[in-house]
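> One structure follows; several queries about it will come next.
The values are calculated or read from the model by the stated rules, or taken from the named source; none is laboratory data. The model shown is predicted, which means the values in this text are computed figures rather than measured ones. With ideal geometry, Cβ positions are generated from the backbone for all residues, glycine too; neighbour counts draw on all protein chains shown.
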Amino acid sequence: MSSHSDANDTARLKREAATWAVDAFFRSSMVVGLGTGSTAAFAVQRLAESRAQGRLVDVRAVPTSRETEALARGLGVPLTTLDEDPVVDVTVDGADEVAPDLSLIKGGGGALLREKIVAQASRRLVIIVDAGKLSPRLGTRWPLPVEVLPFGWRSQSLFLESLGASVAVRRDERGEPFLTDQGNLVLDCDFGPIDHPEELAARLGSRAGVVGHGLFLGLTTDLVVAGSNGVEHRTR
Ligand code: 5RP
């Protein structure tokens, strides 16, 4: 009973953060980035509503996953790509864990690589979360997703263990290995609290076969948090 109402409360907070962010940051004629996950889905819905009501016109959206692409398309949101629009004005996306310096762990939905590509192509990255995502230190509440090529993935797993992680291959609802939109595997890496995220990001970034990881460092420009006292906006 209480877990059901907790889930409803969390969904309400996600919707509040998403709605606030779209209203505050999206403007007509912008190229916007659309994140992936349940919070980002509320932002896609708000964008569609705002278009239907004529408050936002001539907006084109870059989706960060096939899932978001299907949702946006279904709601009639005009889509574009980074090939057509290589600079994105504002991206709104969720996160799994947010540290006090606005660094993030992302990738719970498996879209970390496209999310980071779109984030790095964006002038502004607005992260929308419920207050339960705030964390004193990355790695405290969520394992770090690492996307690896299927070729040689066991070697990557050993490499990640040598860096101190407990590694689990992500599986889908049928128990099969989860495959990203690029056809890669996700290794969920429990490092415990991460003391030096920049150092870890550098180690991961220099490993052949690791095609992405969920550490988003120095990318967030704005954080929108919905909690019991309403919506709070922080900038970096
Ligand atoms: C997907 C992500 C999501 O933004 C993250 O997992 C948060 O998801 P949700 O909004 O459903 O809690 O990084 O790859």
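Every residue, every condition in (1) within 27 Å of Leu13 (Cα to Cα); (2) in contact with a strand residue (DSSP E or B) (Cβ under 9 Å, 6 or more places away or on another chain); (3) acidic (Asp, Glu), yes or no:
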| residue | (1), (2), (3) |
| --- | --- |
| Leu134 | yes, yes, no |
| Ala165 | no, yes, no |
| Gly183 | no, no, no |
| Asp188 | yes, yes, yes |
| Phe216 | yes, yes, no |
| Thr220 | yes, yes, no |
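> While we're looking at this one, here's another question. Is at least one residue of segment 153-174 farther than 22 Å from Gly94 by Cα, part of a strand (DSSP E or B) and of a type in the set (Ser, Thr, Tyr)?
Scanning segment 153-174, I find at least one residue that is farther than 22 Å from Gly94 by Cα, part of a strand (DSSP E or B) and of a type in the set (Ser, Thr, Tyr), so the answer is yes.
> Please work out which residue is farthest from the ligand (Cβ to nearest atom), limiting yourself to segment 5-54 and to residues that are in a loop (DSSP other than H, G, I, E, B) and over 25 Å from Leu112 (Cβ atoms).
First, pick out the residues of segment 5-54 that are in a loop (DSSP other than H, G, I, E, B): 26-30, 35-37, 53-54.
Subset that is over 25 Å from Leu112 (Cβ atoms): 27-29, 53-54.
Values: Arg27: 23, Ser28: 26, Ser29: 26, Gln53: 24, Gly54: 28 Å.
It comes out as Gly54.
> For segment 26-41, what are the residues that are within 21 Å of Val57 (Cβ to Cβ) and buried (at least 21 other Cβ atoms within 10 Å of the Cβ)? Full working, then the answer.
To start, the set of residues in segment 26-41 that are within 21 Å of Val57 (Cβ to Cβ) comprises 26-34.
Phe26, Val31, Val32, Gly33, Leu34 - these are the residues of segment 26-41 that are within 21 Å of Val57 (Cβ to Cβ) and buried (at least 21 other Cβ atoms within 10 Å of the Cβ).
> Identify, from the list Asp83, Asp101, Asp93, the residue that is within 10 Å of the ligand (Cβ to nearest atom) and modelled with pLDDT of 95 or more.
Asp93
> Also, quick follow-up: Would you kindly identify the strands (runs of 3 or more DSSP E) lying entirely within segment 191-236 that contain at least 1 residues that are closer than 23 Å to Val148 by Cβ and within 16 Å of the ligand (Cβ to nearest atom)?
Fully inside segment 191-236 and qualifying: 210-213.
> Condition first: touching a Leu at 6+ places or on another chain (Cβ under 6 Å) and over 30 Å from Arg234 (Cβ atoms). Now tell me which residues in segment 188-210 satisfy that.
Those that are touching a Leu at 6+ places or on another chain (Cβ under 6 Å) and over 30 Å from Arg234 (Cβ atoms): Gly209, Val210.
Okay, residues lined up against (1) surrounded by 23 or more Cβ atoms within 10 Å (Cβ to Cβ); (2) of a type in the set (Phe, Trp, Tyr); (3) within 30 Å of Val224 (Cα to Cα):
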position: Ala95; (1), (2), (3): yes, no, yes
position: Ala119; (1), (2), (3): yes, no, yes
position: Ile128; (1), (2), (3): yes, no, yes
position: Pro136; (1), (2), (3): no, no, yes
position: Gly139; (1), (2), (3): no, no, yes
position: Pro145; (1), (2), (3): yes, no, yes
position: Leu149; (1), (2), (3): no, no, no
position: Ser157; (1), (2), (3): no, no, no
position: Gly175; (1), (2), (3): no, no, no
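> Quick one: how many residues across segment 55-69 are within 13 Å of the ligand (Cβ to nearest atom) and more than 20 Å from Ala111 (Cα to Cα)? Spell out how you get there, then give the answer.
Here is the first cut: in segment 55-69, the residues within 13 Å of the ligand (Cβ to nearest atom) are 63-68.
Those still in the list that are more than 20 Å from Ala111 (Cα to Cα) too: none.
Residues flagged as within 13 Å of the ligand (Cβ to nearest atom) and more than 20 Å from Ala111 (Cα to Cα) within segment 55-69 amount to 0.
> Additional query: In segment 59-92, which residue that is assigned to a helix (DSSP H, G or I) and of a type in the set (D, E, K, R) is surrounded by the most Cβ atoms within 10 Å (Cβ to Cβ)? Outline the logic, then answer.
Quick first cut of segment 59-92, residues assigned to a helix (DSSP H, G or I) only: 66-74.
Still in the running and of a type in the set (D, E, K, R): 66-67, 69, 73.
Numbers: Arg66: 13, Glu67: 17, Glu69: 21, Arg73: 13.
Once the filter is applied, the top-ranked residue is Glu69.
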